[in-house]
Amino acid sequence: MKVKISAISYHLPETVEGIDVLQRDNPDWDMSKILEKTGIQNRHISSSDETAVDLAFEAGRKLIEGISSCEDIDLLILVTQSPDYVLPTSACVLQGRLGLSKNCMAFDVNLGCSGFVEALAIAGGLIESGVAHRGLILCADTYSKYIEKNDRTCRPIFSDGAAATLVEVTDLDCIGPFTFGTDGTGYDRLIVKGGGAREVALGLEPCGKSLVMHGSDVFLFTMREVPACINKVLERAGFTKEDIDLIVFHQASKLVIDNLIRSLTLDKAKVFTNSEWIGNTVSASIPIALHDANAQGRLKDGDTVLLVGFGVGLSWGATLIRWTAV
């Protein structure tokens, strides 16, 4: 039994925050230098009463409206680090809101930028083993709720959004191989310290729910681990860089992607980016980019696509997919 991606949809909040807003709130910022590094003109920001689960619901609803039926979806994976509650799992909330079958396994995956690739491996494994037959992967985050207005490292980059991806059985070998990695010694390089059990266990005063990112450390980690990850997955597949039709990185920033292209001597024309007008939507960035690449005619049936996620954890993962008409 083999699996494929058969549909993708996404949803972005209505509020768009451009660099003019950043400049207004922080007149001392050099926006030309920030833009040179990030390459991001606009980001989408959730409203005060809008959560990642709300965004995921809208993305899932759009996908369901575009397929013939959803009664046989028996697997729901929500990739998020912005859950509605400590418990229950937000995937259970979404199963109910989307009206999916009660014969549906539903769980959250607490991962960020590498989360889509890992969820794809989980869904593929469950379907190939016969545990599930049709899976819905929802990726959604609202990092903006954790970011201070004067945070020059995080605010110009992160955007809120959600993507829905349908994975189901096919006759072709369309997904894999995979390669993954984790370096938990760097867990605090991208972190929200407040709100978890560690704070309570240590008897600490509430330390707030602000996102802290050590940008230079995360960049160095990316440049150290991601090229090796890509080379490993290509070797496992028996492919070379020249065999790849399109490359979709996690949409981290212009600086990161430009340096990965340089380090790996990639053909820039094969690297798809869309973060300029969307921003870094964390786990949703890869499926959103796949959707947009297809909409822009950058993908054709049978293309080999390299997907690469990396970031919070610190974690990374890559896989190859054979694109089928979506």
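The values are calculated or read from the model by the stated rules, or taken from the named source; none is laboratory data. Since the structure is predicted, the reported quantities are computational estimates derived from the model, not experimental observations. Positions of Cβ are backbone-derived with ideal geometry, glycine not excepted, and every protein chain shown enters the neighbour counts.
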Report summary line: A careful count of residues in the stretch 155-173 that are assigned to a loop (DSSP other than H, G, I, E, B), hydrophobic (A, V, I, L, M, F, W, C) and either modelled with pLDDT of 95 or more or at positive phi (or both) gives 1
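Among the listed residues Val226, Val167, identify the single one that is within 21 Å of Leu307 (Cα to Cα), of a type outside the set (Ser, Thr, Tyr) and not assigned by TED's automatic domain parsing to the domain that holds Gln296. Spell out the reasoning first.
Working: Val226 fails: not assigned by TED's automatic domain parsing to the domain that holds Gln296.
After ruling out the rest, the residue left standing is Val167.
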Report summary line: Considering only strands (runs of 3 or more DSSP E) wholly within the stretch 1-114, the ones with at least 1 residues that are touching a Gly at 6+ places or on another chain (Cβ under 7 Å) and not assigned by TED's automatic domain parsing to the domain that holds Val282 are 2-11, 42-45, 75-79, 105-109
Query raised in the report: Looking at Leu63, Leu12, which one is within 18 Å of Gly135 (Cβ to Cβ) and under 22 Å from the mean Cα position of the chain (by Cα)?
Result: Leu63
**Report entry** Scope the stretch 259-305; condition assigned to a helix (DSSP H, G or I) and under 17 Å from Gly115 (Cβ atoms); matching residues
**Finding:** Val282, Ser283, Ala284, Ser285, Ile286, Pro287, Ile288, Ala289, Leu290, His291
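Only one of Gly186, Gly161 is under 30 Å from Ala228 (Cβ atoms), outside the structural domain of Ser283 (by TED's automatic domain parsing) and in contact with a Phe, Trp or Tyr (Cβ under 8 Å, 6 or more places away or on another chain); which? I'd like the intermediate steps shown before the answer.
Numbers: Gly186 fails: outside the structural domain of Ser283 (by TED's automatic domain parsing).
Only one candidate qualifies: Gly161.
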**Report entry** Test for Asp267: is it more than 14 Å from the chain's Cα centre (by Cα) and either of a type in the set (S, T, N, Q) or within 23 Å of Phe180 (Cβ to Cβ) (or both)
**Finding:** no
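One line per residue, one yes/no per condition, for (1) at pLDDT 95 or above; (2) in the same structural domain as Val117 (by TED's automatic domain parsing); (3) under 14 Å from Val312 (Cβ atoms); (4) touching a strand residue (DSSP E or B) at 6+ places or on another chain (Cβ under 7 Å):
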{"site": "Glu199", "(1), (2), (3), (4)": "no, no, no, no"}
{"site": "Leu204", "(1), (2), (3), (4)": "no, no, no, no"}
{"site": "Thr222", "(1), (2), (3), (4)": "yes, no, yes, yes"}
{"site": "Ile230", "(1), (2), (3), (4)": "yes, no, no, yes"}
{"site": "Ile257", "(1), (2), (3), (4)": "yes, no, no, yes"}
Query - Failed condition for Lys232, given (1) out of contact with any Leu (no Cβ under 8 Å at 6 or more places or on another chain); (2) closer than 24 Å to Thr281 by Cα; (3) surrounded by fewer than 21 Cβ atoms within 10 Å (Cβ to Cβ) - result: (2)
Report task. Tell me, yes or no, whether the stretch 105-125 has at least one residue that is of a type in the set (D, E, K, R), under 20 Å from Glu168 (Cα atoms) and without any contact (Cβ under 8 Å) to a residue 40 or more places away in the chain. Result -> yes
Report summary line: Counted residues in the stretch 284-310 being closer than 17 Å to Phe178 by Cα and either free of Cβ contacts under 8 Å to residues at least 12 places away in the same chain or not aromatic (Phe, Trp, Tyr) (or both) come to 8
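Test Ala91 against the stated conditions and say whether it is crowded, with 17+ Cβ neighbours inside 10 Å, at pLDDT 95 or above and within 16 Å of the chain's Cα centre (by Cα).
On the way: crowded, with 17+ Cβ neighbours inside 10 Å: yes; at pLDDT 95 or above: yes; within 16 Å of the chain's Cα centre (by Cα): no.
Spelling it out, it is not the case that Ala91 is crowded, with 17+ Cβ neighbours inside 10 Å, at pLDDT 95 or above and within 16 Å of the chain's Cα centre (by Cα).
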